[in-house]
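See structure below.
The values are calculated or read from the model by the stated rules, or taken from the named source; none is laboratory data. Given the structure is predicted, the values throughout are model-derived calculations rather than measurements. A quick note on method: Cβ atoms are made from the backbone with ideal geometry, for glycine too, and the neighbour counts reach across all protein chains shown.
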Amino acid sequence: MVGTTQSCKKKQGKRSIGLLPERESAIYFHNRKLKRTCAIVLVVLLAVTGVGHHVATSIWGPYSIMKGTTFTDYESFIEYMEQDVPTESRYEANYDGSVAVPVPEDQVGPTTYYDQYGNEISEEEALTSRLKDKNGNVICEYIHRRNFVFLRYTPKDGAVLPITVCTEDDLQEARQTAAVRHVIFEAAYCIECLVIVLVYFKKRSK
């Protein structure tokens, strides 16, 4: 009995739509089609924007958009890297694998350095870094005193120039740029939703 009643209600619902006046029926179907079209367009727009956001984040992340300082000669690069600029980090790994390990701050005396095997080494040995070309030959050797930097260079046959040195300040600036990009994309999502809603209400029939 309940099933029969529900079936009758569904039939009555279908009949009620069919019994609408011609103008009201046309308005109803027009608005329903418009709503479906707007929904599809919005999904496509959000998907395209989302893909663009993901690609931009993957390709142009903070580490890839850091500007830094570019050197075209080894002398200027070595002079820059040998400037003693302290860092808050207590441990600094060198490119050759050795690690500079300072003694606790409450102990008096010079800093002691050890290699990766625990053997005591001199400060110059601990801070010495080397750049190699694509064949593994040492092209540039310098005392790495400027801590917390990132080097960008392409090893070539007998050369590694130009060399770009990025500092922590460069990284922070790049992160701020990336954050602005995220805000722009988030605004784009909101604008797309707003535009589609406005288009729907403007074009729907009344």
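The criterion of at least 3 residues that are surrounded by 17 or more Cβ atoms within 10 Å (Cβ to Cβ) is met by the following strands (runs of 3 or more DSSP E) wholly inside the range 136-184: 138-143, 163-167. The set of residues in the range 172-196 that are touching a residue at least 60 places away in the same chain (Cβ under 8 Å) and over 14 Å from the mean Cα position of the chain (by Cα) comprises Ala188, Tyr189, Glu192, Cys193, Ile196. If the condition is being touching an Asp or Glu at 6+ places or on another chain (Cβ under 7 Å) and closer than 24 Å to Ile65 by Cβ, then the range 123-152 contributes Asn147, Phe148. Screening Tyr114, Tyr95 for residues that are under 18 Å from Thr167 (Cα atoms), at pLDDT below 90 and not small (Gly, Ala, Ser) leaves exactly one candidate, Tyr95. Tell me which of these Lys67 doesn't satisfy, since it passes every other one: (1) part of a helix (DSSP H, G or I); (2) in the same structural domain as Glu186 (by TED's automatic domain parsing); (3) of a type outside the set (Gly, Ala, Ser). The one condition Lys67 does not meet is (1).
Of all residues in the range 22-60, those that are part of a helix (DSSP H, G or I) and of a type in the set (Phe, Trp, Tyr) total 2. Beta carbons closer than 8 Å, at least 6 apart along the sequence or on distinct chains, pair a first residue in the range 18-33 that is modelled with pLDDT of 80 or more with a second that is not in a helix (DSSP H, G or I) for Ala26/Ser205; Ile27/Ser205; Ile27/Lys206; Tyr28/Leu20; His30/Arg204; His30/Ser205; Asn31/Arg204; Asn31/Ser205. For the range 185-206, a residue qualifies if it is of a type in the set (Lys, Arg) and assigned to a helix (DSSP H, G or I), and the qualifying residues are Lys202, Lys203.
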